[in-house]
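J.: Handing you a structure now.
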């Protein structure tokens, strides 16, 4: 990713913009903003990004409110289902390593 320009177009006409530790990609129906992990992982997330991604569609994911999302996220951290990296990202404990 370092050899790509800061702003450009990927295969399939997908626009992107690099920033700080990550990238924002602009798909036809949604923009997805993510940061890379400590070792280049692309599958990390945080509560702020989950809120943005889910937006007004929480019920589509079986969640009734933003406060319920907060509670579910915090409970997953407390029980160890989510693990925190040295950066800002969280990962599913059961995930395969996301750099392949």
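Throughout, read-outs are computed from the coordinates displayed, never taken from laboratory work. The shown structure was predicted, so the numbers you read here are calculated from the model rather than taken from an experiment. For neighbour counting, all protein chains shown are included, and Cβ atoms are generated from backbone atoms with ideal geometry for every residue, glycine included.
J.: The chain: D in µm²/s via Stokes-Einstein (Kirkwood Rh, Cα pairs, 4 °C, 1.567 mPa s)? Mind dumping the intermediate values first?
T.: Values: Rh = 15.0 Å.
Answer, rounded: 86 µm²/s.
J.: Counting helices only, and only those DSSP H runs with n ≥ 4, report the 222 nm mean residue ellipticity of the chain as the sum of -39,500 (n - 2.57) divided by its residues, in deg cm²/dmol to the nearest 500. Don't skip to the end; give the middle numbers.
T.: Numbers: 2 runs with 22 residues, N = 100.
Calculated from helices alone, the mean residue ellipticity at 222 nm is -6500 deg cm²/dmol.
J.: Note the angle between two axes, namely the Cα long axis of helix 66-79 and the longest principal axis of the Cα atoms of the chain, as a number of degrees from 0 to 90, rounded to the nearest 10.
T.: 80 degrees
J.: If you count, for each residue, the other Cβ atoms within 10 Å and average over each peptide, how do 44-54, 18-28, 4-14, 59-69 line up from highest to lowest? Kindly include the intermediate steps, with their values, before the conclusion.
T.: Numbers: 44-54: 16.1, 18-28: 13.5, 4-14: 9.6, 59-69: 11.5.
With the highest mean Cβ count within 10 Å placed first, the list reads 44-54, 18-28, 59-69, 4-14.
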